[in-house]
Amino acid sequence: MLSAKFKEQLLLKHLNTDTYPPTSVVANIITSILLTLFPQQARERVLNEDALNNRIEKHKIDLVKIFKVIAEKLTDTPENIAAKYLDCLEKIHEELSQDVICILNGDPAAKSEYEVVRTYPGFYAIAFYRMAHQLYLLNVPLLPRMLTEFAHSRTGIDIHPGAEIAPSFFIDHGTGITIGETAQIGKFVKLYQGVTLGALSVSKDMANTKRHPTIEDNVVIYSGATILGGETVIGKNSIIGGNVWLTQSVPENSKVYHKEQVDLRRSN
């Protein structure tokens, strides 16, 4: 039998826990918006302008509903936050369209933009990141993290919604990638699976400082590379090889490789 004291503690936890909409509800709304922006995955297409306007209005209604649940935690009214968010959809669509083209041009296996949008986990993770990042910029609490963690659970790609990532971003394969909150990534950057852009220290008193690296334009980082530290800058046009461990900056046009001794012997 549970003790009366323990049940009292549980009851207090239930009474004092913040109320947020379920992750599935928030993810479904954002997925619905993404399907409006990229109908390649949608079961139903809109066939005229009136239908499109009606769908956008439904998105606004859905957003207001979830924002009302956390209204006291917002810096503006749920209606204004929803309107501001929808006003950013054109910008989000433009950035994601550039991401799609970058993936298509950078991956010989990609046959079409349709294939990238429909099947690539890298695009899925980037799409949820860009949708979540805009909520992050509007100071909406927790929901951005819920969205990127939802995508993380689907793809194995962990992108904090606070990271600053320029368009034309390419994640190839992607499983095991980690991008921290204060990471900054320039244009035409390509990451392979297992890359970590992390903090050199995880001390709590560094919460409000830049803890994660800056990756400048046109950088390729191969699988298993780990780059740590808020002062670490990877200069533009650089290539970081697989399994490299970096805690210091690299100048532009650099090539950094991990040298490993392999001992190959034939058995009798």
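Every read-out reported here was derived from the displayed coordinates using simple, explicitly stated rules and does not represent laboratory data. Being a predicted model, the structure only gives us computed values, none of them experimental.
Compute the length gained on full extension between Leu11 and Glu72: take 0.36 nm times their separation in residues and subtract their Cα-Cα distance, giving the result in nm to one decimal.
19.7 nm
Given q = 0.24, 0.27 Å⁻¹, what are the Debye log10 I(q)/I(0) values for the stretch 176-258, with equal point scatterers placed on the Cα positions and solvent ignored?
Scattering profile of the stretch 176-258, log10 relative to I(0): -1.12, -1.39.
Which value does Rg/Rh take for the stretch 65-112 over its C-alpha atoms, Rh per Kirkwood?
1.29
Given the convex hull over the Cα atoms of the stretch 20-157, what projected area results after averaging over all orientations, in nm²?
Result: a mean projected hull area of 8.3 nm².
Assuming 1.567 mPa s and 4 °C, estimate D for the stretch 90-138 with Stokes-Einstein, Rh taken as the Kirkwood radius over Cα pairs, in µm²/s.
116
With axes computed from alpha carbons, what is the tilt in degrees of helix 78-87 against the longest principal axis of the chain, rounded to the nearest 10 within 0 to 90?
With both axes taken from Cα atoms, the answer is about 40 degrees.
Translational D (Stokes-Einstein, µm²/s) of the stretch 1-57 at 25 °C and 0.890 mPa s when Rh comes from the Kirkwood sum over C-alpha pairs?
It diffuses with D of about 163 µm²/s by this estimate.
Which three semi-axes in whole Å describe the equivalent ellipsoid of the chain, each the square root of 5 times a Cα gyration tensor eigenvalue, listed largest first?
Whole-Å semi-axes of the equivalent ellipsoid: 35, 27, 18.
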